[in-house]
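Chemist: Quick one: structure below, then a few questions.
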Amino acid sequence: VMGHVSLVGAGPGDPALLTRKAVMRLRAADLVLYDALVGERVLRLARRAQRFFVGKRAGRQALSQTAIHAVMIRAAKRGRRVVRLKGGDPFVFGRGGEEAIALGAAGVPFDIVPGISSAVAAPALAGIPVTHRGLASAFLVVSGHDEDAFAASIGQLAPNGLTLVVLMGVGRRAPLAARLIDRGWSRETPAAIVADASLPQQQVWRGTLDDLASDGARLEGDGPATIVIGAVAALALITVDAQVATAERARRRS
Ligand SMILES: C[S@@+](CC[C@H](N)C(=O)[O-])C[C@H]1O[C@@H](n2cnc3c(N)ncnc32)[C@H](O)[C@@H]1O
């Protein structure tokens, strides 16, 4: 019998933020191919599966994209239930589209299980709504991986016109911020960096675009981080979250 492949989004890291369908697919899987940002607590749900790390470690790809396609296709044709597990959502800077095309071309049945993207979850977990009436009526998610591609993406925007969410840009935050200032964005634009969102070691830095440009943002560790730039970054609605956690603990004690 023919197996199948599920392209599954694992969310930002906390297993409680997996979808029910992601959990279902993981529990049924024979084989899981996972990326660097997927944690042990999520992988453990794939009780009966063989697991293979196929992501990037120390800048090197464990397996090429073509090799990943070949492994998925071969396993599915041998009747195995394959989960291709990616951080966040599989179609947000996750190469899920390429994999779906390869699977389709090979005649392998596949489905997509969307995940909570860090593009919205990281800001949200720092108390930052990416849109907010009167502050931002749109948000743009861009990669900061390539400075020229970043410059092209922001080139057409009216300065300070929307919320900018930058993935894969924390290591290049100073030159990226400088590009925005060159394009006319105000130096006082609020900015935030959310690292390891949803994980126990989550960190939030807050400041301005000028701080970013002058390399003033300090972070510990080298966990994945999302940058938020725009008026909404000055909002910090985290007390709500902290109050719920405190109220919950108090109830459990009584
Ligand atoms: C290759 S992209 C993949 C994005 C993923 N598909 C998603 O939808 O979240 C990796 C980037 O996502 C962001 N990221 C992933 N997990 C994160 C987390 N827990 N906290 C903050 N940012 C995160 C970082 O900007 C990181 O460089």
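Chemist: Kindly rank 153-163, 185-195 from highest to lowest mean number of other beta carbons found within 10 Å of each residue.
Modeler: 185-195, 153-163
Chemist: Share of Cα-Cα pairs in the chain beyond 26 Å, in percent?
Modeler: Tail of P(r) above 26 Å: 46 percent of Cα pairs.
Chemist: Still on this structure, please answer the following. Once both axes come from the Cα atoms, what is the angle between helix 96-105 and the longest principal axis of the chain, in degrees from 0 to 90, rounded to 10?
Modeler: 30
Chemist: So, one more: Quick one: Kirkwood hydrodynamic radius for the stretch 1-143, alpha-carbon pairs, angstrom, one decimal?
Modeler: Computed over Cα pairs of the stretch 1-143, the Kirkwood hydrodynamic radius comes out at 15.7 Å.
Chemist: No solvent, one uniform scatterer per C-alpha: report log10 I(q)/I(0) for the stretch 15-55 via the Debye equation at q = 0.28, 0.34 1/Å, two decimals.
Modeler: -1.05, -1.31
Chemist: Can you give the FRET efficiency for Arg44 and Ala236, using 1/(1 + (r/R0)^6), R0 = 45 Å, r = Cβ-Cβ distance, to the nearest 0.05?
Modeler: 0.85
Chemist: 222 nm [θ] for the chain, helices only, -39500 (n - 2.57) per DSSP H run of 4+, per residue, to 500?
Modeler: So the calculated ellipticity at 222 nm is -9500 deg cm²/dmol.
Chemist: Further question: How many nm is it between the label spots at Ala106 and Lys21, if each spot is 7 Å from the Cα in line with the beta carbon?
Modeler: 2.2
Chemist: A further question follows. Output the peptides 42-49, 56-63 sorted from most to least packed, where packing is the average of other Cβ atoms within 10 Å over each peptide's residues.
Modeler: With the highest mean Cβ count within 10 Å placed first, the list reads 42-49, 56-63.
Chemist: What's the percent breakdown of Cα-Cα distances in the stretch 111-240 across 5 Å bins, shortest bin first?
Modeler: Pair shares across the bins are 2, 11, 23, 26, 21, 11, 4, 1, 0.
Chemist: Is any residue of the stretch 106-139 close enough, with backbone N under 15 Å, to a label point placed 7 angstrom from the Cα of Gln243 along the Cα-Cβ axis, and if so, which?
Modeler: It comes to 127, nothing else.
Each value in this text was obtained by applying a stated rule to the coordinates, not by laboratory testing. Worth saying up front: this structure is predicted, and the values here are computed from it rather than measured. Every residue, glycine among them, receives a Cβ derived from its backbone with ideal geometry; neighbour counts consider all protein chains shown.
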